[in-house]
Structure formats: C-alpha cells, structure tokens
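**Student:** Before anything else, here's the structure in question.
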Amino acid sequence: MPKGTGWKDIPIGGLILEAGNSAEYKTGGWRAFRPVRDAEKCIHCLFCWIYCPDSSILVQDEKMVGFDLEHCKGCGVCAQVCPTKCITMTPETEFEKEK
C-alpha cells in the first residue's frame with residue numbers, strides 16, 4: 001500500500017482482486033510455527049491434504065511429499081488431523097540458519 005494510506009483505503013475484498021491469483025502472494029512469512037513431517041511415520045492417508053486451508057500439502061503419486069512453505073501459514077491443522085502424529089509444529093526460529 002502506498003505510504004499515507006490506511007486500512008480504509010483497502011478495496012473491498014482486500015488486495016487480491018482477481019479470482020485465482022492468490023498463488024502470487026507468498027504468505028509463508030506470517031508463520032510462527034513450521035510443519036515438519038517424520039516420513040517414517042507417515043501412512044499417506046492425505047488427511048493433511050484434505051484439511052489444509054491453504055492447499056500447502058504437496059502430493060505426488062497419491063503420496064504426501066512435503067509442504068509448500070511459501071504459502072503455509074503454520075496453523076497446525078495438518079498436525080492435528082494426522083492419525084499417526086507424524087507432523088509436528090516446530091518454531092520458525094529453529095530454521096533461521098537455513099535462510
């Protein structure tokens with residue numbers, strides 16, 4: 001937003017004005033906790049994929065293969081619905097060395 005404008009100047013519906021363009025907005029930077037999967041415990045039930053509100057579960061050949069961390073907001077729904085508890089929510093501060 002340009003300097004000197006406030007929340008009242010945001011268009012109705014926010015800054016995403018076209019259907020289908022949310023992929024252009026990298027929202028992963030909002031995250032305080034990152035999902036981490038223990039691949040050995042994962043049974044590929046895809047409950048995480050079904051329930052993820054951000055479509056941040058990566059699936060290939062009907063198997064969970066990782067997370068889209070550019071869009072994952074760290075809500076923890078995937079960890080909550082996982083029947084084997086193979087997903088843990090880890091503080092982002094533990095990954096600062098990777099940046």
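Rule-based calculations on the coordinates, nothing more; no lab input. Please read all numbers here as calculations on a predicted model, not as lab measurements. Glycine gets a Cβ as well: all are built from the backbone with ideal geometry, and neighbour counts include every protein chain shown.
**Student:** I need the semi-axes of the equivalent ellipsoid of the stretch 28-93: take the C-alpha gyration tensor, multiply each eigenvalue by 5, square-root it, list largest first in whole angstrom. Kindly include the intermediate steps, with their values, before the conclusion.
**Tutor:** Details: eigenvalues 62, 32, 20 Å².
Each semi-axis is the square root of five times an eigenvalue, giving 18, 13, 10 Å.
**Student:** May I ask you to evaluate 6.51 cos²θ - 1.76 cosθ + 1.60, the Karplus curve with θ = phi - 60°, for each residue of the stretch 32-47 and list the ³J(HN,Hα) values in order in whole Hz, giving x for glycine and proline?
**Tutor:** 9, 10, 10, x, 10, 9, 8, 4, 5, 8, 5, 9, 6, 6, 6, 4
**Student:** Length gain on complete extension for the stretch TYR25 to GLU96, per 0.36 nm per residue less the alpha carbon to alpha carbon distance?
**Tutor:** Contour length minus the Cα-Cα distance gives 23.4 nm.
**Student:** FRET efficiency for CYS45 and GLU70, Cβ-Cβ distance as r, R0 = 30 Å, nearest 0.05?
**Tutor:** 0.80
**Student:** Determine the gain in length on full extension of the stretch VAL36-GLN60; use 0.36 nm per residue of separation and subtract their C-alpha separation, reporting nm with one decimal.
**Tutor:** 6.9 nm
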